[in-house]
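All remarks here apply to the structure that follows.
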Ligand SMILES: Nc1ncnc2c1ncn2[C@@H]1O[C@H](COP(=O)(O)OP(=O)(O)O)[C@@H](O)[C@H]1O
Ligand SMILES: [Mg+2]
């Protein structure tokens, strides 16, 4: 590991109940001051990874170093240097926004006066000052997330872990939340480790990404590097029902890297999509396969995911009831014990 890494994960494994390999040999590094995205579908192992990095859950194997500290050896010191915001809401609805922040300050051992001062600062900063003395349960989704951000920042952490921070927010709320994150990074050089299953968010907001699927990292790099690795455009060609197979015909055309057949259409990766289309239509016609539709796409992270996992990125629904129960347990562990 280079001493400059903010987060170093080395062969992390988490097995639940002796059989569920939730995280399966995960390694990566996060540089100081970067926004590092952990992108994967529901159940991929994102929350479990965050929990291991933030000293909430003990890895079955492997190690993590956060801000130069071994998480396994100095969990309490790690907790003081990081802020963690889990996907499940952690704000106490029966306290006001301000009280939520003050309670968190107390958990970190801050004297009362300092906690009050910090709460004043943070409600201002997160633009919830007007609502600071209202019960948190009256807050909108976006305000609640900002309150949680304030709580996560109360002890001035150097590294922020955000687990699906924009889950359930509308596009405006999502953009607003990201605005705060970008600002914090810019003004305070905060390192941000953020999980998401929103491809567009990962693409536009993160400096680098790791894509995780079934507990394994399938690719790491900046969004552009990942897309460049696909080496060109993706052309999808649909032919008439019952048409002969044109996989070989398409494969021999100039500039074609690969051809995959899926449900009566062909997914062609080629250097340059536009000039390829008329050639492909002509070749298919000659082979007796009429073309009924063509799309040309610049690769997006959807394509990257498909390329590296062989399956479509399913934009899954909210977490299941079991996941919720697990999450609540994790929230309860936040300031306390480890499992
Ligand atoms: N405490 C737990 N006990 C048993 N299985 C768990 C527990 N936590 C997570 N899992 C399982 O591990 C896998 C990864 O879960 P999780 O890390 O929550 O995924 P993600 O956050 O990417 O949706 C899932 O199959 C989930 O059901
Ligand atoms: Mg999760």
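Let's see how each residue does on (1) at pLDDT 90 or above; (2) buried (at least 16 other Cβ atoms within 10 Å of the Cβ); (3) outside the structural domain of residue 31 (by TED's automatic domain parsing); (4) within 20 Å of the chain's Cα centre (by Cα):
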site	(1), (2), (3), (4)
219	yes, yes, no, yes
240	yes, no, yes, no
263	no, no, yes, no
266	yes, yes, yes, no
271	no, no, yes, no
282	yes, no, yes, no
285	yes, no, yes, no
303	no, yes, yes, yes
309	no, yes, yes, yes
Query raised in the report: Hey, any hits in the range 166-178 for a residue that's assigned by TED's automatic domain parsing to the domain that holds residue 68 and in contact with a strand residue (DSSP E or B) (Cβ under 6 Å, 6 or more places away or on another chain)?
Result: no
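I need the strands (runs of 3 or more DSSP E) fully contained in the range 157-251, keeping only those with at least 1 residues that are within 16 Å of ligand 2 (Cβ to nearest atom).
Values: elements: 159-163, 191-196, 208-213, 216-221, 233-239.
Per the criteria, 159-163, 191-196, 208-213, 216-221.
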Query raised in the report: Pairs, please: C-beta under 8 Å, at least 6 apart or cross-chain, first residue at positive phi and in the range 120-139, second surrounded by 14 or more Cβ atoms within 10 Å (Cβ to Cβ) and modelled with pLDDT under 95?
Result: 127/146
Query - Where a residue in the range 37-54 is within 17 Å of residue 221 (Cβ to Cβ) and its partner, wherever it lies, is part of a helix (DSSP H, G or I) and near ligand 1 (Cβ under 6 Å from one of its atoms), with Cβ under 6 Å and at least six apart - result: 38/46; 40/46
Report summary line: Per the filter on the range 17-40, residues crowded, with 19+ Cβ neighbours inside 10 Å and within 8 Å of ligand 1 (Cβ to nearest atom) are 22, 23, 40
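The values are calculated or read from the model by the stated rules, or taken from the named source; none is laboratory data. Just so it is clear, the structure is predicted and the values come from calculations on it, not from any experiment. With ideal geometry, Cβ positions are generated from the backbone for all residues, glycine too; neighbour counts draw on all protein chains shown.
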